[in-house]
Amino acid sequence: MRRRTFLAAAGGGVVALIGAGAAVWTQVPVIPKRPDPDVETALGWISHRDGRYTLVLPRAEMGQNIATALKQVACAELGAAWDAVDVEPHDTRRARVKATVGSESVGVFAEPLAQACAALRDAVAAGQTEGQITVRPRPMAELRAFRPGAIVGTSPEIAQGREIVTGAPLFAADVRRPNMLYGRVLRAPASIEMRSAPGSWDVAAAQRIPGFVAIVEDCGPPIAKARGLGIVATRPGALDAIAAALAVAWDIRGAAPAPDIAGSIDVDARTGAGKLPHTVLDGAPAPGDWDVSLRLDVPFGAHAPIEPRAAVAEWQSGALTVWAGTQDAFYVRDVLADAFGVSADAVTVQSHRIGGGFGGKTICTVEAEAAALARATGRPVKVQWTRAQEFALGFHRPPSSHRVRARVADGRITDWDHAQVSSHILFTSAAVPAWMQKGTDLLVGDPGVARGMAAPYVLGRAHAAYDAIRLPVPGGPWRGLGAGPNGLAVESAIDAAAIVADADPLAFRLAHVADPRLAGVLRRVGAIANWSAAATPAAGQRTGRGLAGGIYKEKSYAAAVADVAVDARGRVRVTRLWCVHDCGLVINPDQVRAQCEGNLVWSLGLVLSDELAIERGRVVAENFADAPIPRMTDVPEITVDLIESDLPPAGAGETAMVAGPGAIANAIRAATGRRPVRFPVRAGDLAA
Amino acid sequence: MSFILNGEGREVPADWADESLLFLLREHFGLTGAKFGCGVGICGACTVLVDGAATQSCMMRAGDVAGLSVRTVEGLAEGGALHPVQQAWLDLGVPQCGYCQAGQIMLAVALLDATPRPTDADIDATMEVGLCRCGTYRRIRAAIARAAEAV
Ligand code: FES
Ligand code: FES
């Protein structure tokens, strides 16, 4: 029973051959195109008809509530009432929309949108009711959207909020099409970097499952090197039973890859073998002993969105429509066109609200599975990954290993050295073809790994360098990219240096800050947290308070204070969090606060729980029980304060990741006298 | 196999009886508020009320709702007026991505039905099952307190 595709009529169990042989799927990845928007393109986002406006959202909405913020910009600039503007998600029949990544939606999209809205407002005021208009960009100061007013700088009810609380269909998995079937593509229980393919399977047993429709061999491109076997049913619940009955025997080629991931990125072993190739800070520390020398290790971490990715696909007369929750609909379209040998015009990807992206939903996977199964069965097919697939088949925050050293004299850091070894975040195998990787590895390294390595302080002779190693488990962008782990490493070392200098950690930081905005958030967080006071008390437990700050992408600023309590067995509870945030002009204060809160919960996860278990190059976590995320009872009271500013608006979706982890780790040091260096922290390392 | 769905009599088709209640609701009845998050009862995204009790619908066999009453997030608002829990969720801007929120709201409704003035410990005990990766927990807690005042 190999190399054939079977379709059984839904009711009758008739088996018919509907395709022969697995196609040869192209092995050259499609490279994502990410052009910044211009004002001309922005005209395509906003339209007017009979007194109403439609804003086609040029971003993916995934909880950053960018739909609300851009609607505020549009309303303010158009002078339109809140209810006169409808917001719709985009599809790929419009001009290309840049991937929703890097917290750029306000920073990069608000101005072109405002320019387009200003031009539209003038055209409507001049009586124009149809046809094209031209935008003559005006100075920022003339744009109404960037002056706080009745709409900008306030927090209206969030766009789609009512739909969310009433359960209206918003997400890709909520799409239902007439005659729709449910599919899944099974893959080998092995590292996806090993060649694997279905060997044999039990058709007869699968056919006996009520709801069975088809087994599809020709089920889309491999994920990394893992080929799949598709199954289709009339009910989603039948898929588990069909998968079990099929009992696929997998052909898995080669030996399991590098079992020792921690060993392959061990920073001390790597620096012992030679200079790190990519330099972030090029100062030359003087030779001699160091006062601080910290080794920190962070493992693989999952995005773990509550929504496992999903897509619905439908073919009609050679044209493909896919409903997807993706951070990059146009990239998905390009990959689908390439994979199925059709023109880009023949593929439409309709974007949906995403149930949590965090950088992880930027690739094309489930969309191609749905498209292949829909093509094989001739009916619309919905595929939503299982939780285990979401852990196993995506990419993750790569592990990183840091050595940070500092020398202190007269209360100041005079020399600094940060060495890091990690794996690729931006120039991954999914994003860059193999032939190009050699060039990027040699010449540019990986800016995602470097993000946040340039410590935001004046540190004398400061050096920072890294290497990125290809690992058998795919890494990639995860909220803040390198900034979370790098901020944790930098702020732990600054804290340790303050202890060497016998200085207050806040005063010590301020003595090393040149950037007034960073000094501003540090001072303010000290004030709102009453920094010099004792940590929140917890009976019978060791308590402590920690501080950290940082700059994200040279545009936005955050500082945080954390209180923790550690019990006798070494279990850590964060008991209070404060955060001050400066991202320039704030369009929607409440939702910027919400992003800070989310980042602080992610910070807590990074320090206390995030770890994706890998064995023999394979993710073995199957559920939240195996890879826990922060829960209600883990999250303390949070106070967020925003700096009022009229500087150009910048992003908020990742900024507090630079500060939260360091503040929590430093609080643990303050409580226990032990500096956390292996993350997530282990109770055994902190027992009294 | 009949049951009550948001106040109205409905039938579970024989060939859906072995399906989970979650997919019966989502795919057969088109009530897509409850979400699939884990499929094993530990994330809470699929929570609905079965005879008033918060129930992870991914863990319940569709056929087993025969004779019972099921309430979903779609059945909370009455005559266009949002349930106080829904209103509190909007007033405090709770949702980020929103994927977990129908489950969180149903957990909160069950909590307030049973305990109109919940303590922090009551909230912890009921809401512990509801995972939110976006980290909206503090707002959920605040919204429950606000809804408790409104109920
Ligand atoms: S989907 Fe039911 S508890 Fe997670
Ligand atoms: S709002 Fe996104 S998972 Fe809760």
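Here are the numbers for this structure:
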read-out	value
B:A125-A:A625 pseudo-label distance in nm [points 7 Å out on the Cα-to-Cβ vector]	2.3 nm
Heavy-atom accessible area per residue - the protein assembly as shown, 1.4 Å, Å²	36 Å²
A:A409/A:M140 FRET efficiency (R0 45 Å; Cβ-Cβ; nearest 0.05)	0.50
Å³ per residue enclosed by the Cα convex hull of region A:185-299	174 Å³
Loop GluC sites (Glu not before Pro), region A:603-653, which have at most 14 other Cβ atoms in a 10 Å radius of their Cβ (DSSP)	A:E644
Nitroxide proxy distance, nm - points 7 Å out along Cα→Cβ at A:I133 and A:V444	3.7 nm
Calculated on alpha-carbon atoms, Rg and Dmax of region A:560-688 in Å	16.3, 52
The protein assembly as shown - percent of accessible surface contributed by carbon and sulfur, probe 1.4 Å	52 percent
Cα-only Debye scattering, region A:39-167: base-10 log of I(q)/I(0) at q = 0.09, 0.13, 0.16 Å⁻¹	-0.23, -0.50, -0.77
Dipole moment magnitude, nearest 20 debye, region A:39-84 about Cα centre, only Lys, Arg, Asp, Glu C-beta charged	60 debye
Volume per residue of the C-alpha convex hull in region A:215-268, rounded to whole Å³	142 Å³
Two-decimal Rg/Rh across region A:79-227, once Rg and the Kirkwood Rh are taken from alpha-carbon atoms	1.15
Where a label projected 7 Å from the Cα of A:S47 along Cα→Cβ would reach, residues of region A:73-105 with amide N under 16 Å	A:85-96
Debye log10 I(q)/I(0) at q = 0.12, 0.22 Å⁻¹ for region A:610-675, Cα point scatterers	-0.59, -1.11
Positive-end residue, region A:373-427 charge dipole about Cα centroid, Cβ charges, pick of A:W416, A:G394, A:L426	A:G394
Total charge dipole magnitude, the protein assembly as shown, about the Cα centre, Cβ charges on Lys, Arg, Asp, Glu only, Debye to nearest 20	1240 debye
Sites matching trypsin sites (Lys or Arg not before Pro) across region A:140-211 that sit in DSSP coil, with at most 13 neighbouring C-beta atoms within 10 Å	A:R208
Gyration tensor (Cα) of region B:2-75, equivalent ellipsoid semi-axes in angstrom	17, 13, 11
Charge dipole of the protein assembly as shown about the Cα centre (unit charges at C-beta), most positive-ward option of A:P308, A:I363, A:P472	A:P472
Residue (of A:L608, A:V619, A:A558) at the positive-pole extreme of the protein assembly as shown, dipole from beta-carbon charges	A:V619
Student exercise, region A:39-167 dipole from Lys, Arg, Asp, Glu Cβ charges, in Debye to nearest 20	220 debye
At 0.692 mPa s and 37 °C, Stokes diffusion of region B:84-150 via Kirkwood alpha-carbon radius, µm² per second	286 µm²/s
DSSP bridge pairs, region A:239-374: antiparallel proportion in percent, nearest 5	55 percent
Peptide ranges A:493-501, A:247-255, A:360-368 listed from the most packed, as the mean C-beta count within 10 angstrom indicates	A:360-368, A:493-501, A:247-255
Radius of gyration and Dmax over the Cα atoms of the protein assembly as shown, both given in Å	26.8, 85
Computed over region A:309-398, Kirkwood Rh from alpha-carbon pairs, angstrom	13.1 Å
Chains B and A, summed buried accessible surface - 1.4 Å probe, Å², nearest 100	4500 Å²
Threshold 50 Å² - residues in region B:117-145 whose accessible area is reduced by that much or more when the chain is no longer isolated, probe 1.4 Å	B:E128, B:L131, B:R133, B:Y137, B:R138, B:R139
Radius of gyration and Dmax over the Cα atoms of chain B, both given in Å	14.8, 44
Residues of region A:287-313 buried by at least 50 Å² on assembly (accessible area, 1.4 Å probe, chain alone as reference)	A:I306
Antiparallel content of DSSP bridges confined to chain A, in %, to 5	75 percent
Hull volume in cubic angstrom per residue (convex hull over the Cα atoms of region A:526-634)	154 Å³
Kyte-Doolittle mean at least 0.0 and Cα axial length at least 20 Å: DSSP H helices in chain A	A:105-125, A:483-500, A:589-608
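The values are calculated or read from the model by the stated rules, or taken from the named source; none is laboratory data. Fair warning: this is a prediction, and the values are worked out from it, not measured in the lab. Every residue, glycine as well, gets a Cβ built from its backbone with ideal geometry; the counts of neighbours run over all protein chains shown. Only protein heavy atoms, including side chains, enter the accessible area calculation; ligands, DNA and RNA are left aside. Shrake-Rupley method; radii C 1.70, N 1.55, O 1.52, S 1.80 Å.
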